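All remarks here apply to the structure that follows.
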Amino acid sequence: MSTPDERPSPVDVPLIQIGAPAGGGCGDDCGCAEEAYECGLDPALATLLAEAGLDPVQVEDIAHLAIEEDLDGGVDVTSVATVPQDAVATGDFTARENGTVAGLRVAEAILSIVCTSEFEVERHVEDGDRIEAGQQLLSVTAGTRDLLTGERSALNILCRLSGIATATRAWADVLEGTGAKVRDTRKTTPGLRALEKYAVRCGGGVNHRMSLSDAALVKDNHVIAAGGVAEAFKAVRDRFPDLPIEVEVDTLQQVREVLDAGADLILLDNFTPAETAEAVTLVAGRAMLESSGRLALDNARAYAETGVDYLAVGALTHSSPILDIGLDLREVEG
C-alpha cells in the first residue's frame with residue numbers, strides 16, 4: 001500500500017458540462033446556437049442515433065470527453081508537425097478480422113467533433129451486420145489532420161462496441177431456435193453503459209435493466225438484510241408496487257417461496273441444467289426465468305433447452321475482447 005507521501009497529488013482538471021453545446025461538425029440546420037443543451041451533432045446523424053435507441057446528446061458528450069482526453073488541452077503535435085493544414089484525405093475504417101460491427105454512427109460523431117470543416121461520409125455497412133476481415137465499413141473524407149487526431153478515439157469506441165456485438169452474436173447463434181435470449185447485466189464500463197448495451201442489441205442480445213431505478217433485482221445481500229427471500233420481495237413490492245421485480249434464488253425451495261409471493265421474474269443462480277429443468281417445471285409459466293452462473297458457450301444450449309427465458313451473461317460487457325478495426329488513409333494519387 002502506498003504511503004501518503006508516495007501517492008500522486010490531485011490534479012485540477014476542468015469538467016466538461018454534460019449536455020453543454022460545443023463547436024465542431026454541426027450541420028447548417030443545427031439548433032445548438034438557439035437553445036442550450038440541444039444536440040450539436042449534424043441533425044441527420046443525430047436522427048440516426050436516436051433511431052438506434054441512443055441519446056444523441058449523450059453520444060456527443062462521450063465524443064467530447066474522448067477527444068479532450070486525447071488532446072489534454074493541447075494539440076495533436078505529430079499531425080500538426082507532419083501534415084499541411086489544408087491537406088484533405090479519405091480514410092477507410094476496415095475490419096481486420098471477422099465479427100459483428102457496432103458503433104459506426106458513434107465513430108462518426110467523434111470525428112464530427114474534431115473536424116474543423118464539413119466532411120463526407122460513405123457508409124458501407126450498418127451496425128449489427130456481420131463483417132469479414134478486409135471489408136471496408138466506413139469511408140470518411142476530411143482534413144487530414146482532423147482524421148488523424150480523431151482516429152484513436154473513434155477506433156477505441158468502434159472496436160470496443162464491435163467486440164461486444166461479436167461476442168453477443170456468438171451466444172445468440174448458439175441459442176437460435178430455443179426461444180431463450182442472451183441478456184446483459186450492469187457490469188459495464190462507467191459512462192459507457194448505454195453504448196455497451198446498444199452493442200449487445202446489435203449482436204442479437206437483449207438488455208436487462210439500464211439502472212438501479214427502472215426495475216428491482218433482489219439479490220443474496222438484500223435477502224440477508226431483509227431476513228429472507230420472501231420478505232425481501234414483499235418489501236420491494238410494498239414500496240414500489242408498479243415496478244417489475246426479479247428475485248435471485250439458489251434453491252428450488254426459494255423458487256417456491258418467491259413464486260408464491262408473486263415474483264415477475266426469477267433468477268436461477270448457479271443451477272445445473274437438471275436443476276434448471278426442475279425449476280421450469282415447477283414454475284410452469286407463472287413467472288419468467290433467467291439462468292445465471294456456470295454459463296459458457298459450450299453449455300448455453302443445454303440451459304436454453306430447459307425452457308428458461310434468458311441467460312444472463314455479464315462477460316458480454318465486462319470481458320469481451322475488442323474487434324480489430326483499423327483506419328487506413330488512401331494513398332495520394334499523383
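Please label the shape of the range 118-213 as rounded, prolate or oblate, based on the square roots a ≥ b ≥ c of the eigenvalues of the alpha-carbon gyration tensor (a/c under 1.5 means rounded; beyond that, a/b larger than b/c means prolate, else oblate). Judged from the Cα gyration tensor, the range 118-213 comes out oblate (a/c at least 1.5, b/c at or above a/b). Treating r as the C-beta distance of Val88 and Leu297 and R0 as 56 Å, the FRET efficiency rounds to 0.80.
Couplings 3J(HN,Hα) for the range 190-203, derived from phi with the Karplus relation 6.51 cos²θ - 1.76 cosθ + 1.60 (θ = phi - 60°), are x, x, 10, 4, 4, 5, 5, 6, 4, 4, 4, 4, 4, x Hz, where x marks Gly and Pro. Among Tyr310, Tyr198, the ranking by other beta carbons within 10 Å of each residue's beta carbon, starting with the fewest, stands as Tyr310, Tyr198.
Kindly express, to the nearest 10 degrees and within the range 0 to 90, the angle between helix 273-283's C-alpha long axis and the longest C-alpha principal axis of the chain. Long axis of 273-283 versus the principal axis of the chain: about 70 degrees. Normalising the average separation of contacting C-alpha pairs (under 8 angstrom, six or more residues apart) by the number of residues puts the relative contact order of the range 172-318 at 29 percent.
For Leu311, the residues 5 or more places off, or on other chains, whose built amide H falls under 5 Å of its own are Lys181, Val182, Arg183, Ser291.
Between helix 56-71 and the chain there is an angle of about 60 degrees, using the helix long axis and the longest principal axis of the Cα atoms.
Based only on other Cβ atoms within 10 Å, what is the fewest-to-most ordering of Lys197, Lys234?
Ascending number of Cβ neighbours within 10 Å: Lys234, Lys197.
Between the Cα long axis of helix 104-114 and the first principal axis of the chain there is an angle of about 40°, rounded to the nearest 10. Taken one residue at a time, the phi angles of the range 238-244 give Karplus couplings (6.51, -1.76, 1.60, θ = phi - 60°) of 5, 7, 10, x, 9, 8, x Hz. Gly and Pro are set to x.
Every helix of 4 or more DSSP H residues in the chain counts as -39500 (n - 2.57), and over all residues that averages to -12500 deg cm²/dmol at 222 nm.
Counting neighbouring beta carbons within 10 Å and listing from fewest to most, the residues Asp173, Asp72 come out as Asp72, Asp173. Any idea what log10 I(q)/I(0) is at q = 0.10, 0.17, 0.19 Å⁻¹ for the range 172-318, Debye with uniform C-alpha scatterers and no solvent? Listed by q, the Debye log ratios stand at -0.33, -0.97, -1.18.
For the chain, averaging the sequence separation of C-alpha pairs within contact (under 8 Å, six or more residues apart) and dividing by the residue count gives a relative contact order of 18 percent.
Every read-out reported here was derived from the displayed coordinates using simple, explicitly stated rules and does not represent laboratory data. The structure displayed is predicted, hence computed values, not measured ones. Counting neighbours? That spans all protein chains shown, and the Cβs are built from the backbone with ideal geometry, glycine included.
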